[in-house]
Structure formats: structure tokens, C-alpha cells
Amino acid sequence: MKINFSLLCAVLMVPMIFFVPILYTQAFPKQQTEKHLVEMILALLIGILCWLFFGYFESFQVGTQNTLPVISRSFGPTMFVQLDFFLYALVMFTGTAIAKHSWKFFVSFVPLWTLLVYAPVANLIWSPTGYLAQLGALDFSGGLVVHLTAGLTSLVLALFIKRPQNPQGSDNALFKYVAILFVITSWFGFNLAPAGSWQNYGSLIVTNTLIAIIAASLGWIIPLTDQNKPVTLDDLVNGILTGLVTSTAAVGYVSPLSIGIITFVSGIICHLATHFTNQTDRLYDAVDSFTINGIGGLIGTFGLILMANTKINHGGATGLIFGNIRFASVKLLAILVISGITIIGAVISLLATHLVTLRKD
Amino acid sequence: MKINFSLLCAVLMVPMIFFVPILYTQAFPKQQTEKHLVEMILALLIGILCWLFFGYFESFQVGTQNTLPVISRSFGPTMFVQLDFFLYALVMFTGTAIAKHSWKFFVSFVPLWTLLVYAPVANLIWSPTGYLAQLGALDFSGGLVVHLTAGLTSLVLALFIKRPQNPQGSDNALFKYVAILFVITSWFGFNLAPAGSWQNYGSLIVTNTLIAIIAASLGWIIPLTDQNKPVTLDDLVNGILTGLVTSTAAVGYVSPLSIGIITFVSGIICHLATHFTNQTDRLYDAVDSFTINGIGGLIGTFGLILMANTKINHGGATGLIFGNIRFASVKLLAILVISGITIIGAVISLLATHLVTLRKD
Amino acid sequence: MKINFSLLCAVLMVPMIFFVPILYTQAFPKQQTEKHLVEMILALLIGILCWLFFGYFESFQVGTQNTLPVISRSFGPTMFVQLDFFLYALVMFTGTAIAKHSWKFFVSFVPLWTLLVYAPVANLIWSPTGYLAQLGALDFSGGLVVHLTAGLTSLVLALFIKRPQNPQGSDNALFKYVAILFVITSWFGFNLAPAGSWQNYGSLIVTNTLIAIIAASLGWIIPLTDQNKPVTLDDLVNGILTGLVTSTAAVGYVSPLSIGIITFVSGIICHLATHFTNQTDRLYDAVDSFTINGIGGLIGTFGLILMANTKINHGGATGLIFGNIRFASVKLLAILVISGITIIGAVISLLATHLVTLRKD
């Protein structure tokens, strides 16, 4: 039963990896769509190679008996679930990068980032032998491993990209709609996969995911009412995405009421943060990956720190509002360590890549 | 096994809920696409909330031991299968409504409609404690619960909508094609889900669904040959949709030959009915939800009354052509009760909504 | 467990059947998109009927106890997996045919082709009672049964189609991208389905499929570097498709290294072959079905002949490089027999169709 459950989740997660690039093309002029699709496909193909040859080994085998990063016949569907998580993290910051870099950038940046950022972080918190995992840090479906790493990597990249004079987007409502709907559909796989079976709080996870979508959309819309603006498709897409991202850290560990509060707050904050970064000239993140993935992932993690509840999930933790300071301390340490690894690793990957490839502008 | 089967069906049903709105945008001018997508997404989000907070409870818990409409951790995938059915019913009449109403209409109409129409009907015929269920009424995957309710609700709404002078549609063949293909794919989940497992007549259901698509398309094309018109994509989309809708009431209870006859006849009748309502000024149903869902669901139910066969499904019924008058009487009662509830409930929901919101025109 | 696994694969395979037509519309002018979609949908509906009424019986029941081609309630999900394989073969050559023929062509050609080509070939090599199967010929997921038959049928059709003066394609990058991504996603079902369960080398199959995509894309790109051309989306789509097609014959029987070599070589050869056939006036295959499916399927089969390894799959075979001449001889016989049946069957189907329908030009 567990095999078919994991396999279903792994398969279900595939479309989101491919539809996020479609959302991202819409942040750029229509004439660049094909070019950007080619760049993101190539980044994904490079990422798959990295995962098969060393990423999975570094993430989940270091510290175990296995000593060779071989492509094995003996892995279960979990390896492919983990490949999906990794590719999703990867695809999110490619949207930030393609504003400046060609596909050649990814030939060097993706392997370095896998080696220095994603795999070490996944090992620390998701591998049973990882240091943070052994301290008791939790991350249900990637609030830290997937979204914080991707968001901070986008931030590092965005700091070195100049905002164009008149940034123009494409405006294909039907494609945006199809993209977000497959992202939603896939996210049920994303949030269910770490459970390993439906009996392991599957109903809670699906309910929480649905509530996250709704509460974050509502939160995202709140600042609009101030400005008397109508709700656009972009608002709903961003609100839904914020809800999904924010849900990941805590979705299997907190009650539906808690996830509603966390994602509602996240919707408001991520909207304001996105509004702010779109004004500044300090950085240029065309696809808002930093403010949605980075900040969303962080807010979800703070929500987990506050509201984790072993009455909801016996394998979870007890949150700060129930008086548990130890879990909060461990999680804060995890945030610091992971942020540090991500920022340092992303900067090194960026510098090393600039040494071997030409800059685009 | 049953859990993974139901989960697979629940997941498989998701795309159709989201792709029907794409089909529906094509009935309106291109400039309104984004606006209509926003309206239908918001209607769906409101619907999800209603289902989680009282819809599922009212449909399946009233009459049982559970006394509180709580969001529970203990529900199986069936709750989400039922959510899919509910959202599909909901999305079908939104297409009729958006010709006149803004998203604010749904804030009041959707909760009322869930409370007064869908949940009572689902309880009557699908809950083991329901009155019609206990009489022996059957509805395999929603010919009455989903399609007749949605279709009659569209009729009620359409009677209060004025046909625009020159109704214009969008004409995006590729999107229509993608939408219908995902509707077909999802419908295998829709028709299989009530079985609960493949062993429970799964092969019959898939075979009957395939035959329904083909026979109804053929039926839909027949009136064209009279007029010497070529077969268009719209004809195939409507024919396939009619076949799928018509199949639901009977798909698990009749033989492949019977489903072929029923859906072929339905294709012809629904085509003629659609042609007729598109001429009249009495009502305006831009997306033909009444003639396809309402009439299609009804014809499928009459097919079940006639051709149900316990040799095909031991848990089914014996039809009128095999001499069983009792089952026919119960089903006629079911049609009358459900039509009554739907029309009265939809009218009340509409009037109450007009009291609290402004009319669009 | 096996039922849910097969059902998941059968469902997963559905999108590729419907998305290949979208890829194929892009080879023709935009104004013909709707017409071509209608033609290919009708071909698929006719194909489903043929499969239900005699195709499955002829493929898998001839030689067994069953004597009647009935639509049975007792088939497992395997029947629908096999329907998917059959429809995929069918849809591939429709792309070649629609350059010249209307949908009426398929009314006669599809049943004849099913009867004379696909079902006999599937019986010979995939039915336990088939002659080639009993000799020990292998074809994991259709390198011969699906791709060689479709590719050679395209060749036969293409020889009778005149190249238009200025063949023009549509250029919808987003649709091409969505189509190839669903083809990739579905192909995991395509390659996993014959395994019957994940435990039966599922991990090897997924790994090999991923490597096939990457290696063949790389191979396809190689000839571009010679000409100093940029990588286009069409190159990636064709490269990925070549990798998937080539993988099928051998994917469950060879090591990841072997599949990498086979698909890399196939990428180069299929690119050059496609380039060549696009120059000649001898034939017109607008969608390159012969060079990608026919030659790709053949190269994959030669790869299997060379590199099959019972150390990788105990139920497989030993290849020529490990000194096994018998398996190579059997496979060469299979290629000859299947090519013969396909070419003769396709020619007969074509001639008979021309006798009953009018030619389009």
C-alpha cells in the first residue's frame, strides 16, 4: 500500500514542476516566452542529472552505510518523490535567474547549488542521520528545505539583477489559470507525500491544504480593499501560491484553525512584501520568488514553531503557545543554519559560475 | 486497497472541476475571459468552505450518530471524492450565472444553494440514512445529485437572464480541446469513484464510459447530417460532454449495449434541446448547462429506470423492461422530489441573494 | 496492489494520447488547427470502438480458450493499459495522414489497420500464446508493437503525400511546451505499465526513462553545434520525444549506462534522418512520425539486442555484446516479420480505403 501511495504522490507532483515555468514566462514579454521555456527545461534536465548522480546520495545516504553514489535499482518511489521536491526548489529560482542569465548559467550554477545548498540542507533536516533532524527539528513538506532555500537563492540572484526600465509581462489569462490549477492539483501530492500513507493524517493534510489556499487568498486580497482595487487573476494566483507555500512547513502538524490563521497572515505579509520589492531598485525578482517562497516558507515555519500540537499529530511537536521553548529554539537554530548555508552556498555558486561563464549583460 | 483506489479517483476528478470553467469562458467574448475565471475561482473557493464547514456534514452525517459539523481528522478519501462531486455540480451552474452576475453573487448564493439544494439531495439518495436511498432509489455517480440539480439550477438562473443582442464567444480551439480532454480523463475518476474498488465492476464502468462518449457524439452529429453541416469541434465537445453526463446515473448498473442506446438517444435529444433554447428569448443559458446537464442527467436516469439489470450488477436493480414497476416508481418519486427541492431551493437562494446584493444590470 | 498499480499506469497514460494531436497541429497552419483536431478526435473514437469490439480480442485472446470477442465485465485494468498503447500507436500516424486525408479516411483505414497490423503484431510478441513471444522475443513497452508499426505506417502514408510548396507550421510555444510535458508525464505510465508492479524493476524503469530524455536531447543537440544554431523549443521537444520512443524496447532490460548510450546515439541519428526526410520530395511526413517513431523504435530494439542483461532484469535476456547470438537472431526475425506485416497491412489498408472513399486532393 505504501508503495502505491508514494508512487501516486510522486506522479501527482510532476505537473507543478513543469507548470511553474509557464507562470514565470508570463512575467516577461511574450517574444521571450520560447527562449525562457528552453532555458528552464535545460535547467531541469541538468537538475535531474545532478540528482541521479550525487544529489540523492548526498541528501539521504551520507551518514548511512552506503558509500557509493550509484544509480541503484533498489530505490523505492521515495527517491522520485524527493526528486520532485528538489526540482520544485530548483525551478523556483530559475524564474529569477532568467531575467539576466542564459541557459549556460545553469550548467554551472545548478550542480554547485545542488552540492552546496540543497543536498546539505535536505540531509540536515530530512535524513534520519541529519544533525537538525536528530535535534528534533521538523519540516513537513519543505517549508525550509524547498521554499526557504529557493526563496533566499532568488534573493541572492535578484540583488545582482538590474530592474529593466519598463518591465513588461505577457498576459495570457488562460495559461496562468491552467498553470495555477495544476500547481494546486500537484500540491496535494507535495503535501501528502511525506506522510507515506493516507492513514498517517492524510485527511488532516488535505483539509489543511484546502484551508491554506482559501485563507491566504483572503489575506492577499485584504490590502486591495484599502486601495479599492478589483481582484485580478494575478492576485488569486499569488494568494493561492502563498497559501500553498506557507502550508508546507506545518501542514501535517497543526490544526485546521491554526493553518487558517498562519496562511491568512502570510497572505497579507507576502502581498505587502511583494508590493515593496516591486518598488525598490535594490533587487529585481521578476517572478516574486523571494517574497512568496522565502517569506512564505519562513512564516509557515514560525507558524509551526507557535502552533505545533501533538494532539493533532502524535509524531509532531508541541508549539510555543503550549509552552514548549525547546522546539522553538531548535527550529530557530534550523532557520539560522539553513539560511546561512543557503546564502553562502548561493553566493559561492554565483561567483564560481561567473568565473566560468560570461555574464549575459 | 480501497483507500488508494478512492484517493486515485479523488485526485483524478480534480482537473475536470477546473477545466469546465475554461470551456465556459469560450461562450463569452475574449475580453471577459480573465474576469470570468476570477468569478468562477471565487465561487469554487466559497464552495470548498461551505463543504468543509457544513455541506459534508449535512449530506452524509445527518441521521447518524455524529452531531457536530466539525472538520474532522478521521474522514477517509471519500470526503474528498464527495467534495469533487459537489464542486462539479457547483461549477456547472456558475457558467450560466456569470452571464449576468459578478462574483459577489456567489458569496450568498453558493452557501444557500449548498444548504437548501445540494446537501439535502445528496443526503436523500446517497446517504445510507437517506429517505430515497432506503426506498431503493439508485444514482450511480450523480445523474440526479450532480447533474439534474446543476441543470435545473441553471434553468432557474437562465430564466432571469436576458439574452444579449449579439452574443459572441471566444474561439480558442486548442483550449477547448485541452479542456474536454481533461474532462474525459477526470470522468473515469468520476464514474469509478462510487465503485470503491476496481473489483466492484470497474471494467464495466470504464467500458460503459467509453461507449457513452462515442454513442452520444454519434447521436449529436445525426441532426447535422440533415442540415448538411460539417462536424465542428464544438459539436464533438458537446457530444462527448452529453455522453459523460448521461452515463452517470446508469454507468454501473446497465450493460454496454444499454448505455450505448441511452447515450445515443441522449445525444440527439440534447442537441435538439440545445438548438431550441438557443433560439428562444425566454431564457439565456450561455453555456447550455440546462440542456446538457439537466436533460442529459434526466435521460440517463430514465435509461436506468428502463434498463437496470441485476445480471450486470448484483447490487443494482431490475428495470422496467424486465418488468419491475416498483423500482421505476421509486425513481420517478426521486426525480419529482429532487426536481422540487432543486427548483424551490434555487429560487429561494436567488431571491435571498438579490435581497442582500445588488443586481448587476 | 497490482490492480491499483495498473490502474494508475492506465490513467497516467491517457494525457499523452490527447496531447500528441496538439503537437501535431503545430506542424500545420493555424487556420487548420480546429479541423485537424476534429479529424484526430474522430480517429481516436473509431479506434476505441475497434479495440472494444475486436482489437483486444484479436491481440490477446486468439489462441486462448475465449472464442467470442465480447465486451466483457471480467477484464482487469490491463485491457485499458493495452487500449492506451493501441491508441498511442494510432494517434502517431494520424499526424502524417491529416496532411492529405479528411476524417472519412479513418472510418475505413483505422479498422483495417487494427485488424491487419496492430492486433496481429501485438498478438505475436505480447500475447503469451504469440509465436514470437514463444521464441523469446521481447519488447518492453512497445518499441516494435507501438512505435515501429506506427512509424512504418507513417512511412507508407507519407510516400503517397505530396509536399506542399511552402509548408507552414503554427508557432505556439506554450502549447508545444504543455504537450511535451504531458507526454513526458504520461510516459512514466507507458514504461511502468508492462512491469505490473513497482517491485518489478520500477526504480530501474523510472531512472532509465529520465536518462533517456536527457541523453537523447543531448544527442539531438549535437548536430546543431556543427551548424552554430541555437537550441530551439522544437529541438528539445523532438529530442525528448526521441528519447522516450527509443527507451521503450529496452527500458526494463538494460542498465542506465546502456540506455544512456542507446538514446544518445538515437538522438543524433533521428535528428539527421529527420533533417534528410524534410529535404526530400519522395515523401511528406509533416510530423516526422517515421523518423522519430520508426527509426527511434528500431534503434531502441537494436540497443536491446546488443545490451540486454539478465543481471539487470532476471526475466530479460542476454545481449549480443555478452555473446548471445540466439536472442539477436530471434529479435532480427521479429523486426523482419513485424516490418513485413506492417508494410503489407498498411498498403492493403490504404488501397482498400481508397476504393471506398474519395481522395482528398
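The values are calculated or read from the model by the stated rules, or taken from the named source; none is laboratory data. Model, not experiment: these values are computed from the prediction. Glycine also receives a Cβ, built like all others from the backbone with ideal geometry; neighbour counts cover every protein chain displayed. Side chains are part of the model used for accessible areas, which takes the heavy atoms of the whole protein and leaves out ligands, DNA and RNA. Shrake-Rupley method; radii C 1.70, N 1.55, O 1.52, S 1.80 Å.
Might you work out the accessible area of A:Ile341 for me, using a 1.4 Å probe with all protein chains in place, and round it to the nearest 10 Å²?
50
Give the whole-number value, in cubic angstrom per residue, of the convex hull volume spanned by the C-alpha atoms of segment B:210-291.
Value for segment B:210-291: 85 Å³ per residue.
State log₁₀ I(q)/I(0) for segment A:205-254 at q = 0.22, 0.24, 0.32 Å⁻¹ as given by the Debye formula over alpha-carbon point scatterers of equal weight, solvent excluded.
-0.71, -0.79, -1.13
Can you tell me the equivalent ellipsoid semi-axes for chain C? Use √(5λ) from the Cα gyration tensor, largest first, whole Å.
The three semi-axes for chain C are 28, 26, 19 Å.
What whole-number value in cubic angstrom gives the convex hull volume per residue for the C-alpha atoms of segment C:160-254?
It is 142 Å³ per residue.
Show B:Leu159, A:Leu224 ordered by accessible area, largest first, where the area counts protein heavy atoms only and the probe is 1.4 Å.
Greatest to least solvent exposure: B:Leu159, A:Leu224.
In cubic angstrom, how much convex hull volume per residue do the alpha carbon atoms of segment A:172-326 span?
Output value, Cα hull per residue: 120 Å³.
At 1.4 Å probe size, put A:His314, C:His147 in order of accessible surface, largest to smallest.
I get A:His314, C:His147, largest accessible area first.
P(r) for the protein assembly as shown, please, calculated from all Cα pair distances in 10 Å bins and given in %.
2, 11, 20, 24, 22, 15, 6, 1, 0
Using alpha carbon centroids, what distance separates segment B:166-242 and segment C:251-307, in Å?
35
From Cα coordinates alone, what are the radius of gyration and Dmax values for segment C:1-157 in angstrom?
Considering segment C:1-157 through its Cα atoms, Rg and Dmax are 15.8, 51 Å.
Each residue of segment B:313-319 in order: what ³J(HN,Hα) in whole Hz does its phi give by Karplus 6.51 cos²θ - 1.76 cosθ + 1.60, θ = phi - 60°, with x for Gly and Pro?
Once rounded to whole Hz, the list reads 9, 4, x, x, 9, 10, x.
What's the whole-number percent of alpha carbon pairs in segment A:295-361 lying beyond 19 angstrom?
50
Roughly how many percent of the accessible protein surface of chain B is carbon and sulfur, given a 1.4 Å probe and a whole-percent answer?
64
Could you work out [θ]222 nm for the protein assembly as shown from helices alone, using -39500 (n - 2.57) per DSSP H run of at least four and dividing by all its residues? Round to the nearest 500 deg cm²/dmol.
Calculated from helices alone, the mean residue ellipticity at 222 nm is -21500 deg cm²/dmol.
Ordered shortest first, which distances in nm separate the 7 Å Cα→C-beta label point of A:Leu159 from those of the other copies?
Computed spacing set for this position: 6.6, 6.6 nm.
Separation of segment B:328-348 and segment A:88-148 by C-alpha centroid, Å?
Here the answer is 56 Å between Cα centres.
For C:Leu336, go 7 angstrom from Cα along the Cα-to-Cβ vector, then report the distances to that same point in the other copies in nm, smallest first.
Copy-to-copy label distances for C:Leu336: 7.6, 7.6 nm.
What dipole magnitude, in Debye to the nearest 20, does the protein assembly as shown give about its Cα centre under +1 on Lys/Arg Cβ and -1 on Asp/Glu Cβ?
Rounded to the nearest 20 debye, it is 380 debye.
Between the label point of C:Lys2 and that of the same position in each other copy, find the distances and list them shortest first in nm, with every label point placed 7 Å from Cα along the Cα-to-C-beta direction.
2.3, 2.3
Among C:Phe302, C:His314, C:Tyr284, which residue has its Cα furthest toward the positive end of the charge dipole of segment C:281-361, with +1 on Lys/Arg Cβ and -1 on Asp/Glu Cβ?
Final value for the positive-end residue is C:His314.
Could you state how much accessible area is buried at the C-A interface, both sides summed, with a 1.4 Å probe, in Å² to the nearest 100?
Roughly 3200 Å².
Could you state how much accessible area A:Leu23 has, in square angstrom rounded to the nearest 10, with a 1.4 Å probe and all protein chains kept in place?
The accessible area of A:Leu23 comes to roughly 30 Å².
Rounded to the nearest 10 Å², what accessible area does A:Phe264 have for a 1.4 Å probe in the complete protein model?
Counting only protein heavy atoms, the figure is 70 Å².
May I ask you to list, by number, the DSSP H helices of chain B whose Cα span along the axis is at least 30 Å and whose average Kyte-Doolittle hydropathy reaches 0.0 or more?
The answer, listed by residue number, is B:2-25, B:202-227, B:256-277, B:325-356.
Which sequence of A:Phe322, A:Phe182 reflects their accessible areas, 1.4 Å probe, from the largest down?
Ranking A:Phe322, A:Phe182 by accessible area, largest first, yields A:Phe322, A:Phe182.
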